[in-house]
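Note sheet for the following structure.
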Amino acid sequence: MTSRTRWVTAWLIAAGAVSAWPRTALAQGTACNFPQAWANAVSWTGSFSMTAKGSGAIPPDGSYSITQTVTGTVSLDHLSPLSNSFFGKATFTYSAHEHYEIPEPPGPPLVIDFMADGKIDASDRQDVALLAFDFANCKYYLSVEPNTVAGTFLGNPANYTFGPLDLETPKPNPAAPDFTPIPTAGLPDLIEHAQFDAITTFQFGYSALTKPVSWEVIYNLTPKICEPLTVPLLKQTADPWRHDTYDKFFESGQVLLPRSTAVSPKNTVELLVFPIGTSQGTPIGAAKLDFSLAAGDNNLYGLTKYIVPTSTDSTSSTLMAPDKYHLGSRLSLTRGGVNTLQLLAVPGDPTSNLLRQIADFGCFLTSATMILDFYAGSVVANPRDVNDWLNDQPDGFHGHEVNPNQVAGYAAAKHGVTMAFKGRFDKPDDAEVERYICSRNPVMLKVSPCFNQNEETCPHFVVATGKTVSDGQLTWAINDPALDSHDLGPYQMVYFGYRLFTGPSGGPSSGPRAPFASAAAPDQSRLIVSATSPAFQLTVSDPTGRQSKCGAFGIATARTEIPDATCGTDSIQNDSNLNQQDTTPPVRIFEASTPASGSYEVDVLTMESGDFSVNVFAYDSDGGLSAAKAAGTATGGGTTRYSVSYSAAPGMPVRLIGPGGAGGSAAADGGPGTGSQPSAAGGSENGGCSSSGSACGGLLALMAVAVRVRRRARPSSSASL
């Protein structure tokens, strides 16, 4: 095998098989303590040299002398953020002279001279360099090319090959690389000073007559480090917020037998109604309603007989049947104009809350709070604080999902922290994740904690803070709000998308302009359109016909023609029970900053029957909010079209117009923050009826209207209904 062939083979292993390498060969190596700083390197620069010297006699009257020197510099960038290789240019000078006097008795010795002198720089197309790492075994190699250069042999043009040949054990050798142990001295620089004996490539023909020459190889390479971020770790399962009610849908945990499974150990439940401006941390501010349950009513179905609208409280209840996202039935409470509700199985005990909790579904909420605290420089907020704020806002949630713009609103209003949401991206992009982390912006990743990973039926959110080595593979280091994981190893090294934020220092300095302006920008106009399941795909067309699409499993997410817009899907798995299907229905969300005024077409594609809704949050240039909602039932596959009339002029309300479309019927409803509009279930063991007295099932038909909404200020205190 020629020296050049060896180099090409090594390069193909390192560069061509980067994606497969860590999952196979490297992952099977012995675990080692790979330098953490190197895990976060984005490039390497430095110098290298290789020198060979040797001479001796060749009996009876011959001799040889060998000198070889290569000195130069390298500049290397990683092939991809999670690859094991850095690729770039080498600039070097070379000089070699191999002189042999081969005895040929009885005549004079045969004189052989092989010489090469010259320089390789960036103008040479063959000028390349590669630095590769074996993460599992803490080894590396540096390679430079070309290692075969123009020279003269006996005065005639010939190719000369640099470097030692046929080393018994791997040694640092940029001409014919092999993995060698990482030197521990000099970190974080890679400093190598190796000395050994070996023959040259040309000397191989005279190895029986000559001795190996002395080699000295020196590397001094410095990494450019993308410093990992120290993000405060918060857990959604921590006290005191773990049992707080999450979102505005007020649904209970799921139960397989809703007519017989007891909900209260004492046959008494307590409903707490928290007015706007109160906190779940101070239940003294909530109105309380106790219900003593008769025999046979201590179950979800029985509760629908008690939690009904009255002259003093308008809360109603519905038993929701199992569906494709829930294995069991759930009790859903509906109550508008409040911060939140709690339904306690044991009166006075907030840890007995029956409604969905931050501990179960608060991964996005908690991850966003961690990012906020990082921007603040200390822990200034916790998930309860942010949840209380979101519950006060008419645009705090997209269905069950947190509106990240309102997390930024909380950061500014309560702590004076500059924070902006930059969009949803439902495909992996290691380069973009690294760009944001290197600009000191933690990145939220969408992962799947279930054994059979699925981004829609088992999604979860974590915070990426930098890179690390796990099981011999470079991956993202994370803060996990639910599980005891510190990198993507427990998630099979896979993430399905990411959510971007920026803080006081802004975003990456280069690349495409970020989609969304901060809350402090002069023009605060924004348009958000969301569609709930069974919407399979949401397509938004702007007044000029440009489109943005988001759909199941990231379908068409790359097609975002509308300027400064993103389109993605949010949903959350119950992190407290990964063994059962219990997921918030997916919400397709289109979001654009500084959108053009005019008419937008919104197409909702459904692939199956079921209730769906379309929600619009429209912000004018002053940040004023106008909201509209449409809800309907799809009877099968088809597309329902809506028209959104939007103006960025201050005080102009949004209009949402949507007649019945193919495959279903729809209408619009104004008034945000009114809670859920659940599907009524049948009367079997797994179902029930609405406490409002309406028929179970049927088509939702609501009046078309758009409502101008002013931001709600939190009053100092309130305890009345």
Among the residues of segment 70-125, write down those that are among the small types (Gly, Ala, Ser) and in contact (Cβ under 8 Å) with a residue 12 or more places away in the chain. 72, 75, 80, 83, 85, 88, 90, 95, 96, 116, 118, 122
Any idea how many residues of segment 623-647 are surrounded by fewer than 20 Cβ atoms within 10 Å (Cβ to Cβ), at pLDDT 90 or above and over 31 Å from the mean Cα position of the chain (by Cα)? 4
Is it the case, given these coordinates, that residue 82 is assigned to a loop (DSSP other than H, G, I, E, B) and at pLDDT 90 or above? yes
So which residues in segment 140-160 are at pLDDT 95 or above and farther than 18 Å from residue 87 by Cβ? 151, 152, 153, 156, 157, 158, 159, 160
For segment 377-403 the number of residues that are assigned to a helix (DSSP H, G or I) and closer than 20 Å to residue 235 by Cβ is 8
Quick one: residue 377 ticks every box in (1) in contact with a Phe, Trp or Tyr (Cβ under 7 Å, 6 or more places away or on another chain); (2) without any contact (Cβ under 8 Å) to a residue 40 or more places away in the chain; (3) surrounded by fewer than 20 Cβ atoms within 10 Å (Cβ to Cβ) except a single one, so which number is it? (1)
Note down all Cβ pairs under 7 Å where the first residue falls in segment 354-367 and is without any contact (Cβ under 8 Å) to a residue 40 or more places away in the chain, the second is not in a strand (DSSP E or B), and they're at least six residues apart or on different chains. none
Got a number for residues in segment 409-455 being touching a Phe, Trp or Tyr at 6+ places or on another chain (Cβ under 9 Å), surrounded by fewer than 21 Cβ atoms within 10 Å (Cβ to Cβ) and either at pLDDT below 95 or in a loop (DSSP other than H, G, I, E, B) (or both)? 9
Residue by residue through segment 162-174, note down the ones that are modelled with pLDDT of 90 or more and either aliphatic (A, V, I, L, M) or outside any loop (DSSP other than H, G, I, E, B) (or both). 164, 165
Out of the residues in segment 236-276 meeting the condition of being closer than 26 Å to residue 572 by Cα and among the hydroxyl-bearing types (Ser, Thr, Tyr), tell me which one is farthest from the chain's Cα centre (by Cα). 261
Given (1) surrounded by 21 or more Cβ atoms within 10 Å (Cβ to Cβ); (2) of a type in the set (Asp, Glu); (3) under 19 Å from residue 221 (Cα atoms), index of the condition residue 121 fails: (1)
Any residue in segment 602-622 that is acidic (Asp, Glu), part of a strand (DSSP E or B) and modelled with pLDDT of 90 or more? yes
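The values are calculated or read from the model by the stated rules, or taken from the named source; none is laboratory data. Everything numeric in this text was worked out from a predicted model, so none of it was measured. Note: ideal-geometry Cβ built from the backbone for every residue, glycine included; neighbour counts use all protein chains shown.
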